[in-house]
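Heads up: the structure comes next, in structure tokens.
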Amino acid sequence: MAAKYYGVMMVNVQGLELLIVNLKNLKPLEHVKKDINLGDDVYQDQPVKYESVNKVSEALTGFVQILNDYSVDNYKLFGSSALHQAINSDFIADQLFLHTGLNIEWLSSSEETFYRNQNITTELRKDGVDDKQTVFLVGITSGNTAITEFNDGKFIGSTSFALGPIKIAEDLQSLRETAPNSIGLLNDYIDSKLNDFYIGNPASVVSNKVPTKIILLGSLPMQRLVENYNHSEVGETITAARFDDMVDDLVDASDQYLIERLQVEPDYIPLVLPELLLTRRILRLTNAVEIGFSDSGVVDGLVNQEALERGYSKLDFTSEIVRLALNLSEHYDVEPVHRDLVTKFCLHLFDQLKPLHQLGRHERLLLEIASILHDSGNYIGIHEHYLHSEYIILHSEIIGLSKDDIRVIAAIARYHSSTTPNEDLIHFQHISADSRRLIAKLAAILRLADALDDDRQQKIKKISVSIKETKVVITVFSNANLAYENWIFNTKSHFFTEAYGYNAVLKQRGVKAK
């Protein structure tokens, strides 16, 4: 019975959270939160104190007991990107393992955004929005802000930046000591971080006067503050104008007023003004006319991911990751026809070669992203463009992918052209043996797919794949002269033989005229 149950534990700079669900229907059995402040140390570049880590260990021990009470043996512990920035995060992970036996999996900020968006994304897909309204999901954590755009219920794009209430609070304190108009300067500082969040055209959102809406994700203290100030019911929206008035009223509000009249928790007091100012700047940037709230959190998305992996759910959000990669490729002027054809060949080869590589859906996604971005380096220069592609990918953020994923994708792009991992040992020394094998297998597939359209003339529109005893036969359907393609394919297929131990053979079949 317990096999369908799953437990997610999450530790961040504000505390811990446990969610136990039935994966078949995603209904929660238990949801527990424990507040432990770790942020003061993290954001002052100090090691998290032993006493604080010990409190986390004790709380996790209690969580494990709850999991045992429910007979749940499928559970995981995740750590936030903000906590991972602690200078002693490795020691924290080790101490938690020693005291609880739990291995912590660190999430990147882009992964947190991806998982946090999922519940509200499902609602937008299901219900849509009125009059093709643009909606921005805004996730504000202690050290990070993420903005995701939907139009008519369809995903458009997402980005995040390292700016959150704790960072702003620190800067506000410094500004108040040195500047007479600290609030004005702080607004300018926030704007400098926000104005270029829109990857395609930084000015397009500001200049677009069509009214929009923002939904704040997981910001329960802010939601309670708004409800108490506005005397509104739980879940009600607030207009941008009313929110603007509230910010003006609270800029100089005393701590006593916030605690007694608006029922703000004392620990949240230093973050009230920073979060209000940040939210107001986002409102103006996006031209939003109202604010809604959602309690969708990271753990909800992690639960859905597990349900998807185990076949209980069909809510797959990987299309959003692919859309972001396509946005990035368009930003770097990647030629779309060649890009799309190579991606199509890559995925077909991956699917047909599964008996050889034994890889799963996540590795398939990494190959798809690599194929979309493999020529992005041409934006910098055609000579050794694969090195430029690696650089661009390594220094880009794609919501939903971990830093390890990005490194794998960048390496696949690096080796899609000529150099191989075996020849590039210095560059590969920092990568584990498992990752080297994965990169080699996926890069070998991309290299074959790229060879089939190396001259960018799209002579081949369709392929089929068959696995023989010692070779992989790739049959291409075309009536064109493929002498060049055969030569390039034979040159690039040596790497495939090294990675798989099978010879790749190219055969041509004509296409009957319709």
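Quick rundown of the values:
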quantity: Contacts under 7 angstrom Cβ, first residue in the range 24-41 being of a type in the set (Lys, Arg), partner in a loop (DSSP other than H, G, I, E, B), 6 or more apart; calculated: Lys24/Tyr312
quantity: First in the range 329-351 and farther than 18 Å from Lys461 by Cβ, second anywhere and open to solvent by 50 Å² or more (accessible area, probe 1.4 Å) and not in a helix (DSSP H, G or I), Cβ under 7 Å, 6 or more apart; calculated: His331/Ile199; His331/Gly200
quantity: Test: residue in the range 218-229 that is open to solvent by less than 20 Å² (accessible area, probe 1.4 Å), assigned to a helix (DSSP H, G or I), among the polar types (S, T, N, Q) and within 22 Å of Lys193 (Cβ to Cβ); calculated: no
quantity: Matching entry among Lys314, Lys213 (being in contact (Cβ under 8 Å) with a residue 60 or more places away in the chain, of a type outside the set (Ser, Thr, Tyr), outside any helix (DSSP H, G or I) and out of contact with any Phe, Trp or Tyr (no Cβ under 7 Å at 6 or more places or on another chain)); calculated: Lys213
quantity: Only one of Lys27, Lys34 that is open to solvent by 10 Å² or more (accessible area, probe 1.4 Å), at pLDDT 90 or above and over 25 Å from the mean Cα position of the chain (by Cα); calculated: Lys34
quantity: Pairs where the first residue, in the range 227-255, is on the phi < 0 side of the Ramachandran plot and among the hydrophobic types (A, V, I, L, M, F, W, C) and the second is open to solvent by less than 40 Å² (accessible area, probe 1.4 Å) and in a loop (DSSP other than H, G, I, E, B), C-beta under 9 Å, 6+ apart; calculated: Ile238/Ser232; Leu250/Leu262; Ala253/Leu262
quantity: Near pairs, Cβ below 6 angstrom, 6+ apart or cross-chain, from the range 66-92 (in contact (Cβ under 8 Å) with a residue 12 or more places away in the chain) to any residue that is among the small types (Gly, Ala, Ser) and not in a helix (DSSP H, G or I); calculated: Leu67/Gly7; Val72/Gly7; Tyr75/Gly7; Ser81/Ser108; Ala82/Ser142; Ala82/Gly143
quantity: Single unsatisfied condition, Leu262 versus (1) assigned to a loop (DSSP other than H, G, I, E, B); (2) open to solvent by 30 Å² or more (accessible area, probe 1.4 Å); (3) touching a Phe, Trp or Tyr at 6+ places or on another chain (Cβ under 7 Å); calculated: (2)
quantity: Filter result for Ile147 (open to solvent by less than 20 Å² (accessible area, probe 1.4 Å) and either modelled with pLDDT of 80 or more or charged (D, E, K, R) (or both)); calculated: yes
quantity: Val303 open to solvent by less than 40 Å² (accessible area, probe 1.4 Å), modelled with pLDDT of 90 or more and more than 24 Å from Gln223 (Cβ to Cβ); calculated: no
quantity: Members of the range 394-409 found to be of a type in the set (Gly, Ala, Ser) and either farther than 21 Å from Ile147 by Cβ or in contact with an Asp or Glu (Cβ under 9 Å, 6 or more places away or on another chain) (or both), listed by number; calculated: Gly400, Ser402
quantity: Test for Phe91: is it at pLDDT 90 or above, of a type outside the set (D, E, K, R) and open to solvent by less than 30 Å² (accessible area, probe 1.4 Å); calculated: no
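The values are calculated or read from the model by the stated rules, or taken from the named source; none is laboratory data. Not measured: the values here are computed from a predicted model. Positions of Cβ are generated from backbone atoms using ideal geometry, with glycine treated the same way; all protein chains shown enter the neighbour counts. The accessibility values were calculated without ligands, DNA or RNA, using every heavy atom of the protein model including side chains. Shrake-Rupley method; radii C 1.70, N 1.55, O 1.52, S 1.80 Å.
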